[in-house]
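**Q** Quick one: the structure is below, and I'll ask about it shortly.
The values are calculated or read from the model by the stated rules, or taken from the named source; none is laboratory data. This is a predicted model, so every value here is computed, not measured. Note that we place each Cβ from the backbone using ideal geometry, even for glycine, and neighbour counts take in every protein chain shown. In case anyone asks, the SASA skips ligands and DNA or RNA and just uses the protein heavy atoms, side chains included. Shrake-Rupley method; radii C 1.70, N 1.55, O 1.52, S 1.80 Å.
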Amino acid sequence: MIRVGIDVGGTNTDAVVMRGREVLFGLKTATTADVMSGVVDALKEVVAGAAIERANIGAVMIGTTHFTNALVERRNLAPVGMIRLGLPATSGLPPTSAWPEDMLDAVPMHWRLAQGGYEFDGRELATMQPEQIHGFAQEFAALGLRDVAIAGAFSFINDAQEHTAAALVRAVMPDARITLSSQIGRIGLLERENAAILNACLGPLGLDVVAAFEQALKDSGINAPFYLTQNDGTLMSAKQAASFPILTVASGPTNSMRGAAFLSGLADAIVVDIGGTTSDVGVLQAGFPRQAGIAVEVGGVRTNFRMPDVYSIGLGGGSLVNADLTTFGPRSVGYNIHTEALVFGGRTLTATDIAVAAGVATLGDAGRVAHLTADAVQRCHARLQQMVFDAVERMRTSAVMLPVVVVGGGSILLREHVGEALVTIPPHFGVANAVGAAMAQVSGESDRVLRLDEGMTREQAIARVRADAELTAVQAGANPQTLTLLDVEDVPLAYIGGNATRIRVRVIGDLNETGTATGTTA
């Protein structure tokens, strides 16, 4: 299958064409203000550069920052109606507890508490009252809401009440976009509920972005299915992405890490992805990003869906440098670097200018930074190196020194070593994120709490959860013949009793080349 991978960043839009494991052609273009015209231009250029026929393209994989930017910048977020199924319990901390004030201002919230929920083993905590849900739906309809989130206690173990509540809401609001927390999050009611609310507030934007990408492909003359990359480095169909935009918010650094693993041939390494605005540092384990083991904040809101463990710093090729050459960022010229940086004829001193003046990078007109004092430049560049070194050290979890792979257009900023580690800059490093998107696979995950004192062994419990994960992967478009076990986590829950154990299984497989998913996944 010939695949096209695209990664839309805040500074650059990268594109690559791959045939199997071979990179045919890749390019980096500046992200345009309207985003989609830049995507169309990148598609046309990369297809022409690879000298392939558009009809031979089997699939297009896209990574985008649209949804991340919307949450961080508090824009294009829809009002949400929220129903929690948990009374008479769970009333101590209402929905949106501990949300930042500016996020609450950006997302008009209308939450309701309802009878329902389950115990950890799937037994009913309280009986749901249909007339109560019906009344809430009528209130939401009167408020003109279109996006609704529903979360129930332990619904990831038993999602029956959430689905029943969704049907009751849809009977009143047939056009409602409904997010169920069981389709997104893991154990932990508040974090799973937060994830569902964030997904709901991105609902209209999800539809708009997917429609815009469809139009961009059409304008480029490409008639192939397209997928968006998820936070864990795997794929979701366009239809799934429109329904679950929250699952793409960390796809940018994840794509870069997966691309770094592929291009460098290293399965275990620390990856530094230096873009135009930020540097993202993560750890590869068996070729995949190390997953965050605790709740992760998205836009200042605690969530618990699968996310990579990534540390970001405000350092990129376009980062502003102050007049006395002592500090970098976090502000950046972004996609205007090709006109704003000194070496490109602009008037703004950036990190790229420092790298050129220090003799580390060779691009643009070095004569335009010749006036900078040599000693000050070297001290400034040493600070840049130290920032990256500190970020790498922060991500290490043992004394073992892992290889450091540096990718992204900003890779030119660094010398050959970061501290004691030798820096590996693989071929096609500038478009590693697009490579990561193009070679992404399909995953499935299941997270369950099971009781092991009822004739079920640990091995039987893991097999049961793995079967659920494999079914999810196949429904998402994975070829069942290629499914492999990625990781297993089982943690005894001593505080619950009854020999309860939480088991999480993740599997992965190649995209089925028929190119269609049979269901939805989360």
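**Q** What number comes out for the charge environment of Val40, summing +1 per Lys or Arg and -1 per Asp or Glu over other residues with Cβ under 11 Å away?
**A** Net charge in that neighbourhood comes out at -2.
**Q** Now for a separate question. The list (i) 217; (ii) 196; (iii) 152 gives values of volume of the Cα convex hull per residue in Å³, and only one came from this structure; which label was calculated from it?
**A** Here the calculated entry is (iii).
**Q** Continuing with this model, one more query. To the nearest 20 Debye, how big is the dipole of the chain about its Cα centre, given +1 on the beta carbon of each Lys and Arg and -1 on that of each Asp and Glu?
**A** 200 debye
**Q** Another question, then. Take Asn56 and Ala374, extend 7 Å from each Cα along the Cα→Cβ direction, and tell me the distance between the two endpoints in nm.
**A** So the two model labels end up 5.3 nm from each other.
**Q** Given the Cα-Cα distance of Ala286 and Arg123 and 0.36 nm per residue of separation, how much length would full extension add, in nm?
**A** In short, 54.9 nm is gained.
**Q** Still on this structure, please answer the following. I'd like the trypsin sites (Lys or Arg not before Pro) in the stretch 397-473 restricted to DSSP loop residues with at most 16 other Cβ atoms within 10 Å, sorted by number.
**A** Arg415
**Q** Once the convex hull of the alpha carbons of the stretch 367-434 is built, what does its volume come to per residue, in cubic angstrom?
**A** With only Cα atoms used, the stretch 367-434 gives 110 Å³ per residue.
**Q** Between Asp219 and Arg394, what length comes free when the chain is fully extended (0.36 nm per residue of separation minus the Cα-Cα distance, one decimal in nm)?
**A** 58.6 nm
**Q** Could you compute the net charge surrounding Val107? Neighbours are other residues with a C-beta less than 14 Å from the C-beta of Val107; K and R count +1, D and E count -1.
**A** Local net charge: -3.
**Q** Let me ask something else about it. Mind checking the full-extension length gain between Ala33 and Leu207? Use 0.36 nm per residue of separation minus the Cα-Cα distance, one decimal, nm.
**A** Full extension of this stretch gives 60.7 nm more.
**Q** A further question on this structure: Expressed as a whole percentage, what fraction of the accessible surface of the stretch 80-154 belongs to carbon and sulfur atoms when a 1.4 Å probe is rolled over the protein heavy atoms?
**A** Working: 1700 of 3180 Å².
Here carbon and sulfur together make up 53 percent of the probe-accessible area.
**Q** Take the alpha-carbon centre of the stretch 271-333, take the same for the stretch 22-73, and report the distance between them in whole Å.
**A** Spelled out, the Cα-based centre of one part sits 22 Å from the other.
**Q** Where does the stretch 184-298 land on Rg(C-alpha)/(2.2 N^0.38 Å)? Please list the in-between numbers first.
**A** Numbers: Rg = 15.8 Å, N = 115, 2.2 N^0.38 = 13.4 Å.
Scaled against compact globular proteins, the figure is 1.18.
**Q** Would you mind working out the accessible area per residue for the chain, using a 1.4 Å probe, and quoting it in Å²?
**A** For the chain, the per-residue accessible area is 39 Å².
**Q** Would you mind putting 145-158, 323-336, 367-380 in packing order, based on average other-beta-carbon counts within 10 Å, highest first?
**A** Ranking the peptides 145-158, 323-336, 367-380 by packing returns 145-158, 323-336, 367-380.
**Q** Can you pull out the GluC sites (Glu not before Pro) in the stretch 377-433 whose DSSP state is coil and whose Cβ has at most 15 other Cβ atoms within 10 Å? Walk me through the numbers on the way to the answer.
**A** Working: sites: Glu393, Glu416, Glu420; in loops: Glu416, Glu420.
Those satisfying the criteria are Glu416, Glu420.
**Q** Follow-up question, since we're still on this one. Among the complete DSSP H segments of the chain, which ones combine at least 20 Å of alpha-carbon extent along their axis with a mean Kyte-Doolittle hydropathy of 1.0 or more?
**A** 36-50
**Q** Shifting gears a bit: Starting with the highest mean, order 184-192, 421-429 by the number of other Cβ atoms within 10 Å, averaged over the residues of each peptide.
**A** Listed from highest to lowest mean packing, they are 184-192, 421-429.
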